[in-house]
Amino acid sequence: MATARREMHNPAEDTHAGPRATVRGAPAAAGLPRLSIEYVDAPGPSALLGCDDVLAVFGFGGAVPATHDDPRYLRVPLEPHDSTGFEVWRGSAPVIRGCDDGLRWACDGQLLFGVVEVAEREGDIQEAARHAYSRLAAFTTGSRTPHLLRVWNYVDAITLGSGDDERYRAFCVGRARGLGDFDVRTLPAATAIGRCDGERVVQVYWLASAAPGTPVENPRQVSAYRYPRQYGPQAPSFARAMLPPAGSAMPLLLSGTAAVVGHASMHDGELLAQLEETFANFDALVGAARRHDPSLPTRFGAGTRLKVYVRDAHDLPLVADALDQRFGDAVPRLLLHAAICRHELAVEIDGVHGAPLV
Ligand code: 3EB
């Protein structure tokens, strides 16, 4: 079966990073990993997918195509506030790509984009998350890009249900079970955000690499994987940030960050205070990352990209203004209407941060 499938592939795919490739054998493409992330205006994804260094193109909201023949395209059904932009990941040409029983991927030899979307059966988010993560883990383990750097999780109605029945908590259980045995010290950076589209589909996409990154924790925050029992039966499986493999031309990968200090949510009902606390968290996180890589800029700037998730659509203009005041147009950003995994959190931000690529 595996052999038959391989025979149907382009021979170039023999070097791909999929589940049947082993780490032994010829090394992946020479050179160090390189990744740029841009928010670009375009009439549609096709024009952007024409470049053979593109690892992934993301469209946001209801106005973009839901699907595309090219496995590198993914629609994230979160409505953007003030842009029609696509997010484009560029790696190193040539990128090869494929689809394996619904799991889509693209790989440049050093970096791999992957995505799997699992429909919940009768609202069973735990089982959908377990299934998504077991596919991710089976695809990644033993491949030529075995190191998970960053994962994004988008699920519907994230805070529906109460106590341990809350959907986010059930998601955390399914995620950990799907990952199987893991060492918390190698967990990827991540985002887990709620969609508002009513489609009960667990959407998981990721960035993996041939060489390992270095996880970074935030000195102002308890590591999420050590959150106390009050937040659910399974602590969330992610690192606060991931430094890219040494020597790469890649930014620091920032996990979803909110007004959480220690393990507690701060400033309930005060959106702007939560925004300030979030940036204080980023300052501490970047400070911790700079102890590993002092060349990282201290402050957010032209090599930073922020994705800003705002719970209440009415607050979007307020957040846009606050970001304009803080950064002017120095920091490219995408503002999205999305639910945060704790009721009391009104805003969460993820992104990447580095020196501008030359
Ligand atoms: C927090 O600090 C906010 O479960 O993957 C942020 C990033 C959050 C990732 C996840 C959750 C996740 O706990 C929530």
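The values are calculated or read from the model by the stated rules, or taken from the named source; none is laboratory data. Here the structure is a predicted model, which is why all the values come from computation and not from measurement. Every residue, glycine among them, receives a Cβ derived from its backbone with ideal geometry; neighbour counts consider all protein chains shown.
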Of the candidates 169, 175, the one satisfying the condition of being within 14 Å of the ligand (Cβ to nearest atom), in contact with a Lys or Arg (Cβ under 8 Å, 6 or more places away or on another chain) and in a helix (DSSP H, G or I) is 175
Pairing a residue in region 310-329 that is at negative phi with any residue that is at pLDDT 95 or above and charged (D, E, K, R), where Cβ atoms lie under 8 Å and the two sit 6 or more apart in sequence or on different chains, gives 313/79; 323/333; 327/333
Residue pairs within 7 Å by beta carbon, gap of at least six or interchain, first lying in region 120-142 and more than 24 Å from residue 166 (Cα to Cα), second assigned to a helix (DSSP H, G or I), listed first then second, are 137/178; 137/179
Across region 153-179, the tally of residues that are free of Cβ contacts under 8 Å to residues at least 60 places away in the same chain and within 24 Å of residue 244 (Cα to Cα) stands at 2
Counted residues in region 240-267 being within 14 Å of the ligand (Cβ to nearest atom), touching a residue at least 24 places away in the same chain (Cβ under 8 Å) and on the phi < 0 side of the Ramachandran plot come to 14
The condition of being more than 28 Å from residue 249 (Cβ to Cβ) and out of contact with any Lys or Arg (no Cβ under 7 Å at 6 or more places or on another chain) holds, among 70, 101, only for 101
Filter region 101-119 for residues that are over 17 Å from the mean Cα position of the chain (by Cα) and touching a residue at least 40 places away in the same chain (Cβ under 8 Å); the one that is nearest to residue 211 (Cα to Cα) is 110
Residue 237: surrounded by 19 or more Cβ atoms within 10 Å (Cβ to Cβ) and more than 15 Å from the ligand (Cβ to nearest atom), yes or no? no
Taking region 320-345 and keeping residues among the small types (Gly, Ala, Ser), in a loop (DSSP other than H, G, I, E, B) and within 16 Å of the ligand (Cβ to nearest atom) leaves 338
